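I have placed the structure first, in the form of structure tokens, so that the comments after it can refer back to it.
Just so you know, all these numbers are worked out from the coordinates, no wet-lab data involved. Values in this document were obtained by computation on a predicted structure and should not be read as measured data. All Cβ positions, glycine included, derive from the backbone under ideal geometry; neighbour counts span all protein chains shown.
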Amino acid sequence: MEYITDNNLCTGCSVCQCICPAKAISMQEDKSGFFKPVIDNTKCINCEKCKKTCPANFNDVQSCKSTYYAAQNEDLNTRDLCSSGGIFPLLTDYVLRLNGYIAGAVYDANHEVRHIVTNDKNLIKKIYGAKYSQSEIGTLFKEIKALLSKDEYVLMSGTPCQISALRRYLGREYDKLITVDIVCNSIPSRKAWREYLKFRAQFDKQTLLNIAEINLRSKSTGWTDYSYNTEFHYKNGNITHLKASNDPFIQFFVKGYISNKACENCKYKGTRGESDITLGDCWGIWKSIPDFDDNKGTSIIIVHTDKGKMIWESVSKMADFKEYQEEDAILYNPSIINNNIVKDDALKNITEKDFRFFVRRQRSKRRISLLKNTAKNTIRRIKNIK
Ligand SMILES: Cc1cc2nc3c(=O)[nH]c(=O)nc-3n(C[C@H](O)[C@H](O)[C@H](O)COP(=O)(O)OP(=O)(O)OC[C@H]3O[C@@H](n4cnc5c(N)ncnc54)[C@H](O)[C@@H]3O)c2cc1C
Ligand code: SF4
Ligand code: SF4
Ligand code: SF4
């Protein structure tokens, strides 16, 4: 087998690897730092299962009628641990009450992102919070299938393409499978993430090995108007903050400079109904319902299926929420349906130096605008004296 799908459409979802009966596929990072399948033709038996399962090769999903809510977890401490309104923990608690399992993205010991499935409450807390780098799926889909086959409840959370991939792998509905995806701008490269970690440790006058914990969506400077910051905890007790608007990684990410090429052609987001519920930031709530915004994070909840509706009705008792207009949601958060613009070839050159260059440029921009303001004020004062 030479070809599973167009490389530019491959999301790195790992379904081909999981489905291959000959164990002929391994997922390896390409030059840009995204997982892509590599086929060992000495093992391949040409069954074409990989090609026939790959989500990138199909366009057969119908859109559905979805309902929108703006919501906040009533428990402020839990909300603070999460990126937006802290609705994800309400869903995980729901599944834990059913003795089920949660699958989602965590940082490993080297601060690389990977998916796990667990029913351990402490590990589930590590799934909270957005991690902006492509997650390693590994054998996750097989583990989920094994749990569903034992009639266990499983909540799978991830990007819309990962949910689509799991569904293709399973190939049938399971009553006890709950799928939750995120509003997904795009997914950044693992290589860019590593370069950023090196830059950040140096910038903070620390070492890579000294990094203890990372929170890319700290609300210590607020949430409203994108005022969050990135927070690094070091083993020596130091905690550093960088405002998102000054953090080169966040800025490269939101501009699409370090994202997967497949995100340019994303067909997984929107109201396709492959997930039961979609969670995102309710950006713009400070304009659409200003009274509801408390600067501590509000989620947008998009309920797609009857299962999602039933679960939302149960967990929303622990949330403050309002029905929300689809138009407002999309107006202020176009990532719900739109693809991100990815700048060609920008990623090839991303190194730790580019992060430093960005910070230097931001600083000189600030200095120039400070000088301009001082000059303007001086001229105004001179005019007033005359
Ligand atoms: C790469 C990425 C891009 C995003 N882009 C947007 C956007 O453009 N607009 C928007 O409104 N929201 C976006 N989000 C979602 C948002 O940041 C919150 O994760 C979401 O609102 C849920 O918030 P919460 O407070 O309910 O729970 P949280 O605790 O913050 O939820 C965490 C959830 O995110 C999943 N997750 C975290 N990192 C990854 C990863 N690398 N890969 C797969 N799943 C992951 C976890 O499995 C878990 O389900 C993005 C998230 C990620 C990870
Ligand atoms: S054709 Fe079959 S054996 Fe070959 S890589 Fe694909 S799934 Fe594996
Ligand atoms: S999109 Fe997924 S299934 Fe298709 S080739 Fe890429 S990793 Fe394999
Ligand atoms: S933008 Fe689309 S293809 Fe890219 S990670 Fe998100 S869901 Fe997957």
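Using R0 = 41 Å, the C-beta based FRET efficiency linking residue 47 and residue 202 works out to 0.25. When a/c is below 1.5 the answer is rounded, else prolate if a/b is larger than b/c, else oblate, so apply that to segment 15-57 with a ≥ b ≥ c taken from the square roots of the Cα gyration tensor eigenvalues. Verdict is oblate for segment 15-57. With the chain treated as a Gaussian network of Cα nodes joined by springs under 10 Å, which of 83, 314, 164 yields the largest mean-square fluctuation? Of 83, 314, 164, the most mobile in the Gaussian network model is 314. Rounded to the nearest 0.05, the FRET efficiency derived from the C-beta distance between residue 320 and residue 212 at R0 = 30 Å is 0.35. Taking the Cα centre of the chain as reference, the dipole from Cβ charges on Lys and Arg (+1) and Asp and Glu (-1) amounts to some 2080 debye. Less than 5 angstrom separates the built amide H of residue 217 from those of 231, all sequence-distant by 5 or more or on a different chain.
Taking chymotrypsin sites (Phe, Trp or Tyr not before Pro) across segment 45-103, the ones in a DSSP loop with at most 13 further Cβ atoms lying within 10 angstrom of their Cβ are 58. Cβ crowding within 10 Å ranks 356, 361 as 361, 356, fewest other Cβ atoms first.
Beyond 28 Å, the tail of the calculated P(r) for the chain holds 48 percent of the Cα pairs.
Taking every alpha-carbon pair under 8 Å whose residues sit at least 6 apart, segment 15-57 reaches a relative contact order of 43 percent. The slack in the chain from residue 150 to residue 170, taken as 0.36 nm per residue of separation less the alpha-carbon distance, amounts to 5.8 nm.
Working from Cα pairs under 8 Å separated by at least six residues, relative contact order for the chain is 21 percent. Considering only alpha-carbon pairs that sit under 8 angstrom and 6 or more positions apart, the relative contact order computed for segment 238-386 is 32 percent. The loop-placed trypsin sites (Lys or Arg not before Pro) in segment 21-67, going by DSSP, that have at most 14 neighbouring Cβ atoms within 10 Å of their Cβ come out as 23, 31, 43, 65.
Under the simplified labelling scheme, the residue 295-residue 241 pair shows an inter-label distance of 1.1 nm, with each label point 7 Å from Cα along Cα→Cβ. Restricting the trypsin sites (Lys or Arg not before Pro) of segment 202-293 to loop positions (DSSP other than H, G, I, E, B) with no more than 12 neighbouring Cβ atoms within 10 Å leaves 205, 235. Using alpha carbon coordinates only, what is the Rg to Rh ratio of segment 163-248, with Rh defined as the Kirkwood radius? On the Cα set of segment 163-248, Rg over Rh gives 1.12.
If a spin label sat at a point 7 angstrom from the Cα of residue 3 along the line to its beta carbon, the backbone N atoms of segment 32-67 nearer than 18 Å would be those of 37-41, 46-59. Per-residue ellipticity at 222 nm, computed for the chain from helices alone with -39500 (n - 2.57) per DSSP H run of at least four residues, works out to -10000 deg cm²/dmol. Here residue 58 and residue 377 are evaluated by their C-beta separation; at R0 = 56 Å the FRET efficiency comes out at 0.35.
Remark: the residue 23-residue 360 segment gains 116.6 nm on full extension, using 0.36 nm per residue and subtracting the alpha carbon distance.
Subtracting the Cα-Cα distance of residue 121 and residue 265 from 0.36 nm times their residue separation leaves 48.2 nm of extension gain. Model label points for residue 233 and residue 40, set 7 angstrom from Cα along the Cα-to-Cβ axis, are 4.0 nm apart. Loop sites by DSSP among the GluC sites (Glu not before Pro) of the chain, restricted to those with at most 11 other Cβ atoms within 10 angstrom, leave 174-386 as the longest stretch without any of them. With the chain treated as a Gaussian network of Cα nodes joined by springs under 10 Å, which of 376, 317, 126 yields the largest mean-square fluctuation? Among 376, 317, 126, the largest GNM mean-square fluctuation belongs to 376.
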